[in-house]
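> Take this structure, written in structure tokens, and hold onto it; I'll ask about it next.
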Amino acid sequence: MKVQIFVFVTRLIAGLTALTIGAGILIDPAEFHATVGIVVADQTGLINELRAAGGAIFAVGLFVLCSLWLHRMTLTALSVAALIFGSYAAARFYSFALDGMPNTKFLWVASLELIVAALCMASLAVVCKRDSANIRQFKCFDS
């Protein structure tokens, strides 16, 4: 039972986080990015790019939240969330090393992304261990 709660809460956190971030970027990319000190002037191309990324993040959030009711989506939802949050965190830390630290808010954002990715990976490991017999039947891990 504790495993189910952990996996459920992880998907809820990842889904709501992605949904909130994606919605914020879609609705008002300039205001959303201003919260960390990024100034988005009247650059239509940049705003378009930001909204596109926001739309993808929003879709990931919806997908992960749908897995709360459609349990067969759990593995995929956790994998996608771990990949999205992990890649954002890794790219930020890579940028910190290459470009320096813009401000401390970015470190908090990267840390949040890393924590959510770690929760998703831990949940994924738990689900794979718990459901290993069911996963093997798909033969997706056999060589």
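> Is there a quick way to get the dipole size of the stretch 1-106? I mean about its Cα centre, with the Cβ of Lys and Arg at +1 and of Asp and Glu at -1; what is the value in debye to the nearest 20?
540
> Still on this structure, I have one more. Tell me, what is the FRET efficiency for Lys2 and Leu98 to the nearest 0.05, using R0 = 41 angstrom and their Cβ-Cβ distance as r?
That pair, Lys2 with Leu98, gives E of 0.50.
> Separate question: Defining a contact as two alpha carbons under 8 Å apart and six or more residues distant in sequence, what relative contact order in percent does the stretch 23-124 show?
About 25 percent, as a whole number.
> Which of Tyr88, Tyr94 comes first, and how do the rest follow, when ranked by fewest Cβ neighbours within 10 Å?
So the residues, fewest neighbours to most, are Tyr94, Tyr88.
> Full extension from Trp108 to Ala90: what is 0.36 nm times the residue separation minus their Cα-Cα distance, to one decimal in nm?
In short, 5.1 nm is gained.
> For the chain, state what percent of all Cα-Cα pairs lands in each successive 5 Å bin, counting from 0 Å until the bin that includes the largest distance.
P(r) over the chain, rounded to whole percents: 2, 10, 16, 19, 18, 14, 9, 6, 4, 2, 0.
> Sticking with this structure for a sec: Need the C-alpha centroid separation for the stretch 25-40 versus the stretch 85-119, integer Å.
Distance between centres, Cα-based: 17 Å.
> So for the pair Ala52, Glu31, with labels modelled 7 Å out along Cα→Cβ, what separation do we get in nm?
Placing both labels 7 Å beyond Cα along the Cβ direction yields 2.5 nm.
> Helix-derived [θ] at 222 nm for the chain: sum -39500 (n - 2.57) over DSSP H runs of at least 4, divide by residue count, nearest 500?
Mean residue ellipticity at 222 nm (helix-derived): -27000 deg cm²/dmol.
> Okay, next question. Considering only the other residues whose Cβ falls under 15 Å of the Cβ of Ile25, what net charge follows from Lys and Arg at +1 and Asp and Glu at -1?
My count for the surroundings of Ile25 gives -3.
> Rank the residues His71, His33 as a footprinting-exposure proxy: fewest other Cβ atoms within 10 Å of their Cβ go first.
Starting with the residue having the fewest Cβ neighbours, the order is His71, His33.
> Just name one of Cys128, Pro102, Phe63: the one whose Cα is farthest towards the positive end of the charge dipole of the stretch 30-142 (beta-carbon charges, Lys/Arg +1, Asp/Glu -1).
Looking along the dipole axis, the top candidate is Cys128.
Quick note: the coordinates plus some simple rules give every number you see, no bench work behind them. Here the structure is a predicted model, which means the values were calculated and not measured. Don't worry about glycine lacking a Cβ; one is built from the backbone with ideal geometry, like all the others, and counts go over all protein chains shown.
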